[in-house]
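Here is the structure we will look at.
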Amino acid sequence: MPRLTSRFYVSALIRRVMGAGGFAAVTRKGAEEAGAIFVLVDRLDGTVDLFGPAPQAIFETTPEDRLFEPLIRAGARADATARLDREKRMDPDFWVVEIEHKGGTDAVPLIPAS
């Protein structure tokens with residue numbers, strides 16, 4: 001089965017968060033078909049979580065759904081911004097979805113803990 005486009009996945013993620021009573025918005029629009037997706041979670045306490053695409057090299061077979069890895073947990077927004085700025089220099093076609101959720105969110109599917 002073909003993978004969902006980035007645009008469709010982002011739209012579905014936003015609908016899922018909003019449907020659960022949260023707030024989510026696209027703060028950077030990337031390539032519609034296959035742009036990488038980063039999720040920035042504002043924990044509403046002055047800290048953020050940043051999740052990025054899970055590296056495909058860790059999987060023996062391609063997962064059916066997009067999975068993310070934590071890049072920053074309960075960190076400073078400046079650190080997340082710096083990380084996204086580095087990404088922009090390497091590949092400018094990525095998406096950023098920002099979610100506001102006190103204490104973090106489980107709306108982002110993470111790679112299994114090893």
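The values are calculated or read from the model by the stated rules, or taken from the named source; none is laboratory data. Please read these numbers as outputs of a predicted model, since none were measured by experiment. Neighbour counts run over all protein chains shown; Cβ positions are idealised from the backbone, glycine included. Ligands, DNA and RNA are excluded from the accessible area calculation, which covers all protein heavy atoms including side chains. Shrake-Rupley method; radii C 1.70, N 1.55, O 1.52, S 1.80 Å.
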Per-pair calculated FRET efficiency, R0 = 22 Å: residue 16 and residue 93 via Cβ, rounded to 0.05:
0.40
Per residue, in Å², the accessible surface of region 61-114 once ligands and nucleic acids are set aside, probe 1.4 Å:
63
So how much accessible area does residue 86 have, in Å² to the nearest 10, using a 1.4 Å probe?
120
Here the residues of region 20-49 lying in the modelled label zone of residue 8, meaning backbone nitrogen under 19 Å from a point 7 Å along Cα-to-Cβ, are 30-38
